[in-house]
Amino acid sequence: EVPKEFPRVYDNKIVWLDNRNFREVYMYDLGTDGVYGTGDDSGEIQVTPPCLAPYYCYRGGLNIYEDKIVWADDRHVIDQVYVGPQVYMYDLLTDQEIPITSSITSYKGANGPAIYGNKIVWNDARNTNIDIYLAEFASAN
């Protein structure tokens, strides 16, 4: 059995980092009754793509709110230069991964994202000091 780490829960959805293939993000939906293993479970899905370069595969800062999952992911190497972790959001309703940050070039990058409503916050070392940043996205409601 491979380690499963950093579980988070919102309503009947559970997310965690799973080490079966270098720290992917997974989600399990317990269904409307909230009980594992009953007929209304939607089951497990892999949220993040497989890590193609395991030595650059830190994923962390996992959080979930309603149908949105956020995490920090350092899969980015641009022109053979490591650019540090970036923040991503996965929308369970549209089955889409959305980059929240994309051009942070600090080794420390963006980390510790949290989500509430249509706001995502994270800490970010792009300007040498570690600062708090906020992004808002359009709400489907």
Practice problem: Please list E24, E97 in order of solvent-accessible area, largest first, computed with a 1.4 Å probe with all protein chains present. | Solution: E97, E24
Quiz item: What is the list of residues in region 4-45 whose amide nitrogen lies under 16 Å from a point 7 angstrom out from the Cα of E97, following Cα to Cβ?
Solution: 16-27, 45
Quiz item: So what's the gap between the Cα centers of region 5-74 and region 108-124, to the nearest angstrom?
Solution: 17 Å
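The values are calculated or read from the model by the stated rules, or taken from the named source; none is laboratory data. Keep in mind that what you see is a predicted model, and the values were worked out from it rather than measured. Don't worry about glycine lacking a Cβ; one is built from the backbone with ideal geometry, like all the others, and counts go over all protein chains shown. Side chains included, ligands, DNA and RNA excluded: accessible areas come from the protein's heavy atoms. Shrake-Rupley method; radii C 1.70, N 1.55, O 1.52, S 1.80 Å.
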